[in-house]
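Note sheet for the following structure.
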Amino acid sequence: MNHAYSKPFRITSNQQGAALFVALIILLVITLLALSGVREVILESRIVGNLIEQQKLITGAESGLRDGEINIVKPITPLEPTSTCTGGTNPPPCLLKLTGNVYSYGFLFGTSGKYRPYKPADGTQNNLNTSVNWYAMPAPSGGQDGESENPEYGSMFTGNATFRYEVNSKSTNTNSNNSVYLRSTTAKLFDAGN
């Protein structure tokens with residue numbers, strides 16, 4: 001019997017950890033790419049969150065405008081402007097007098113009693129954490145001078161004319177204090193109830 005004597009197989013290596021170093025560099029690059037992707041996702045989610053909040057505020061302000069417009073044009077006779085928007089359980093529409101008979105383009109939401117909260121008759125609710133307020137003012141149309149847009153419709157002094165109203169609305173997120181202001185004008189032809 002012939003036995004061959006074999007020497008144990010021995011691996012000689014001169015790598016001295018180069019493969020480990022390359023693997024760590026590749027792992028570092030992959031980690032940095034993943035972190036960059038996470039940062040982009042976080043930024044995009046913030047952008048989308050702000051867009052959603054802005055859309056909710058615009059929707060709330062639009063609701064306030066529609067509520068104000070409906071309340072202003074509902075009566076069959078011209079409204080008498082008041083100095084405040086307060087009043088009992090069933091207050092009249094919030095139509096403010098012009099300050100010093102001068103029209104102003106500024107908003108009056110910073111003054112207490114100069115606006116009314118959005119509370120439509122159909123029970124519609126605001127978005128969560130959102131407050132909506134509105135007020136109206138006579139819009140400049142010659143009404144202060146007793147003029148009418150269309151003289152054939154009569155005179156504003158007699159209540160037979162086209163009356164223009166400016167409706168202002170503000171929607172505020174109560175958590176972030178972000179706000180949206182909207183303004184519209186509406187007109188109604190009054191013919192002394194006829």
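Of all the residues that make up the range 105-124, how many are in contact with a Cys (Cβ under 7 Å, 6 or more places away or on another chain) and either assigned to a strand (DSSP E or B) or of a type in the set (D, E, K, R) (or both)? Can you show your working first?
Going through the range 105-124, the residues in contact with a Cys (Cβ under 7 Å, 6 or more places away or on another chain) turn out to be 113-116.
From the residues that got through so far, the ones that are either assigned to a strand (DSSP E or B) or of a type in the set (D, E, K, R) (or both) too are 114, 116.
Total satisfying the criteria: 2.
Of the listed requirements (1) part of a helix (DSSP H, G or I); (2) buried (at least 18 other Cβ atoms within 10 Å of the Cβ), residue 44 misses just one: (2).
Hey, any hits in the range 139-161 for a residue that's in contact with a helix residue (DSSP H, G or I) (Cβ under 9 Å, 6 or more places away or on another chain), assigned to a strand (DSSP E or B), open to solvent by 20 Å² or more (accessible area, probe 1.4 Å) and at pLDDT 80 or above? No, that holds for no residue.
Considering only residues in the range 50-107 that are within 21 Å of residue 125 (Cα to Cα) and touching a helix residue (DSSP H, G or I) at 6+ places or on another chain (Cβ under 8 Å), the one that is least open to solvent (accessible area, probe 1.4 Å) turns out to be 94. When the residues of the range 59-92 are filtered to those that are in a loop (DSSP other than H, G, I, E, B) and either among the basic types (Lys, Arg) or within 23 Å of the chain's Cα centre (by Cα) (or both), the one that is farthest from residue 118 (Cα to Cα) is 74.
What residue, of 76, 70, 52, is within 22 Å of residue 137 (Cα to Cα), without any contact (Cβ under 8 Å) to a residue 60 or more places away in the chain and among the hydrophobic types (A, V, I, L, M, F, W, C)? Full working, then the answer.
Values: 76 fails: without any contact (Cβ under 8 Å) to a residue 60 or more places away in the chain; 52 fails: within 22 Å of residue 137 (Cα to Cα).
Only one candidate qualifies: 70.
Does residue 112 satisfy the criteria of being free of Cβ contacts under 8 Å to residues at least 12 places away in the same chain and farther than 19 Å from residue 179 by Cα? Quick ask: steps written out before the conclusion?
Working: free of Cβ contacts under 8 Å to residues at least 12 places away in the same chain: yes; farther than 19 Å from residue 179 by Cα: no.
Against the criterion (free of Cβ contacts under 8 Å to residues at least 12 places away in the same chain and farther than 19 Å from residue 179 by Cα), residue 112 does not qualify.
Being under 19 Å from residue 176 (Cβ atoms), of a type outside the set (Ser, Thr, Tyr) and not in a helix (DSSP H, G or I) is the requirement here; does residue 127 meet it? It would help to see each step written out before you state the result.
On the way: under 19 Å from residue 176 (Cβ atoms): yes; of a type outside the set (Ser, Thr, Tyr): yes; not in a helix (DSSP H, G or I): yes.
So residue 127 passes the test.
The values are calculated or read from the model by the stated rules, or taken from the named source; none is laboratory data. What you see is a predicted model; the values in this text were computed from it and never measured. A quick note on method: Cβ atoms are made from the backbone with ideal geometry, for glycine too, and the neighbour counts reach across all protein chains shown. Just so you know, the surface numbers come from the protein's heavy atoms only, side chains and all, with ligands and any DNA or RNA stripped out. Shrake-Rupley method; radii C 1.70, N 1.55, O 1.52, S 1.80 Å.
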